[in-house]
Amino acid sequence: QVQLVESGGGLVQAGGSLRLSCVASGSIRSVNAMGWYRQAPGKQRELVATITSGGSTTYADSVKGRFTISRDNAKNTVYLQMNSLKPEDTAVYYCNADRVFTGWGPVYNPWGQGTQVTVPS
């Protein structure tokens, strides 16, 4: 069984910064692409950023230049550095992996439980 556990959320004033972390655990051999998604109240979940195992990244237009995704493959961890936060960044942030290779075979599309980020207006 694979678990993704996010941390680092909280309340921050507009213009501030937060760093989210997501650790994958569970007899993991390797992890393919990982990503961060977010869901604001009353809205659909949306992609924020992704990173491949080789380090290639993509970002939503709304966060380009402000957010940076990175990963530590040795620790099975993905990070999201969020700078210049805005009220519209308020959401629950979820970690996702598209495929995790474990000792018992691949696990597809696991999700974390989410971490709340709140930027008051």
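Things to note:
- Qualifying positions in region 6-51 - open to solvent by less than 40 Å² (accessible area, probe 1.4 Å), of a type in the set (A, V, I, L, M) and either in contact (Cβ under 8 Å) with a residue 60 or more places away in the chain or closer than 19 Å to Thr77 by Cβ (or both): Val12, Leu18, Leu20, Ala24, Ile28, Val31, Ala33, Met34, Val48, Ala49, Ile51
- Count - residues of region 1-31 that are of a type in the set (Ser, Thr, Tyr), part of a strand (DSSP E or B) and modelled with pLDDT under 95: 2
- Residues considered: Val117, Val92, Val78, Val107. Of these, the only one that is touching a Cys at 6+ places or on another chain (Cβ under 8 Å) and in a strand (DSSP E or B) is Val78.
The values are calculated or read from the model by the stated rules, or taken from the named source; none is laboratory data. These numbers were taken from a predicted model, which means no experiment stands behind them. For neighbour counting, all protein chains shown are included, and Cβ atoms are generated from backbone atoms with ideal geometry for every residue, glycine included. Ligands, DNA and RNA are excluded from the accessible area calculation, which covers all protein heavy atoms including side chains. Shrake-Rupley method; radii C 1.70, N 1.55, O 1.52, S 1.80 Å.
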